[in-house]
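Structure record follows, encoded as structure tokens.
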Amino acid sequence: MSEKIRRSALYMPGSNARALVKARALDADVIIIDLEDAVAPDAKASARILAEQAIVEGGYGSREVVLRVNSLDSVWFSKDLDVLKKCKPDAVLFPKVSSAKDVMAAQAALDEADPSQTVKLWVMMETATSVVQAGAIAGSAGIANRLSCLVVGTNDLAKETGVAANENRAYLMPWLMAYVAAAKAHGLTILDGVSNAIKETEVLVRECEQGRAMGMDGKTLIHPAQIAPCNTAFSPSADEIAEAQAIVTAFALPENAGQGVISLDGKMVELLHLEMAKKVLAIAERLRD
């Protein structure tokens, strides 16, 4: 299980001072201060100043604060890197990562800006090449020790490939599952792409439930109204908690001591189910704190 609970990760434009202040009171687990897509070219400079001020001032409580920079090969990146020399977000999100080489370049940039090694590395999976290189990208965590999270960019992925991103995301599904498998194989958190349906809560909920079912740890969001439904979808339900507690209780019974497989309510339950149940209860406990 990830060391952090990251059910909801809200993008906030770095150029919007009021939004950065408002984010301190929102229930998102992660605040992503964006210097890339959400900021027009002529607002990049002022966005850097505002982002730096927000991170230095803090006040975000237990929320993780992540800074999304512009791509490594962009004309804006060197200035973004200067911001990281003056402030320390919890992580930096690099867009358009398509290979292990890109990961290593991002790590090298962070090493330059943050010699203390405190800032984590997150990467965007949003290109066709990132699909076929998903294993290599995630596997680079063995060398790039800062790498901790993969973030799916479904809009850019659909744009680059021409794949229809309909409500069921049927044509994206094989690629999303490839990302999940790569992340889980290397112990990384993975966050689902955004839902563009701001006012259609049922669409968001459906995507959240779909993402959780496929193994996503959480979802990126574009509007504060999406936070509550997302947190609910990625939190253990009362039924899940009750079932998990029943499994833990059953394995703790004297007659089941040392058993690898038991019967519970007419179902076969193995030690792997016990491990999963303990994870559910641990998450529920941390959410109560």
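Take the residues in the range 55-88 that are outside any loop (DSSP other than H, G, I, E, B) and among the basic types (Lys, Arg); name whichever of them is nearest to the chain's Cα centre (by Cα). It comes out as ARG68. Listed by first and then second residue, the pairs with beta-carbon distance under 8 Å, at least 6 apart or on different chains, first residue in the range 62-75 and open to solvent by less than 20 Å² (accessible area, probe 1.4 Å) and aromatic (Phe, Trp, Tyr), second part of a strand (DSSP E or B) and at pLDDT 95 or above, form an empty list. For the range 79-126, filtered to residues that are charged (D, E, K, R), touching a strand residue (DSSP E or B) at 6+ places or on another chain (Cβ under 7 Å) and closer than 15 Å to ARG146 by Cβ, the residue that is surrounded by the fewest Cβ atoms within 10 Å (Cβ to Cβ) is ASP90.
Would you mention how many residues in the range 17-54 are closer than 26 Å to ARG286 by Cβ, open to solvent by less than 60 Å² (accessible area, probe 1.4 Å) and not in a helix (DSSP H, G or I)? Qualifying residue count, the range 17-54: 7. Restricting attention to the range 179-211, the residues that are among the aliphatic types (A, V, I, L, M), within 16 Å of TYR11 (Cβ to Cβ) and touching a Leu at 6+ places or on another chain (Cβ under 7 Å) total 2.
Restricting attention to the range 224-254, and to residues there that are farther than 20 Å from ARG206 by Cβ and among the polar types (S, T, N, Q), which single residue is least open to solvent (accessible area, probe 1.4 Å)? Can you show your working first?
Of all residues in the range 224-254, those farther than 20 Å from ARG206 by Cβ come to 238, 241-254.
Cutting the leftovers down to among the polar types (S, T, N, Q) gives us 245, 249.
Working: GLN245: 87, THR249: 69 Å².
Here the answer is THR249.
Residues in the range 205-223 that are in contact with a helix residue (DSSP H, G or I) (Cβ under 7 Å, 6 or more places away or on another chain), part of a helix (DSSP H, G or I) and buried (at least 21 other Cβ atoms within 10 Å of the Cβ): CYS208 only.
Residue-wise test of (1) over 21 Å from MET104 (Cα atoms); (2) under 12 Å from the mean Cα position of the chain (by Cα); (3) part of a helix (DSSP H, G or I).
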{"position": "GLU160", "(1), (2), (3)": "yes, no, yes"}
{"position": "ALA165", "(1), (2), (3)": "yes, no, no"}
{"position": "TRP175", "(1), (2), (3)": "yes, no, yes"}
{"position": "ALA183", "(1), (2), (3)": "no, yes, yes"}
{"position": "VAL203", "(1), (2), (3)": "yes, no, yes"}
{"position": "ALA225", "(1), (2), (3)": "yes, no, yes"}
{"position": "ALA228", "(1), (2), (3)": "yes, no, yes"}
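The values are calculated or read from the model by the stated rules, or taken from the named source; none is laboratory data. Keep in mind that what you see is a predicted model, and the values were worked out from it rather than measured. Every residue, glycine as well, gets a Cβ built from its backbone with ideal geometry; the counts of neighbours run over all protein chains shown. Just the protein is used for accessible areas: all its heavy atoms, side chains included, with ligands, DNA and RNA removed. Shrake-Rupley method; radii C 1.70, N 1.55, O 1.52, S 1.80 Å.
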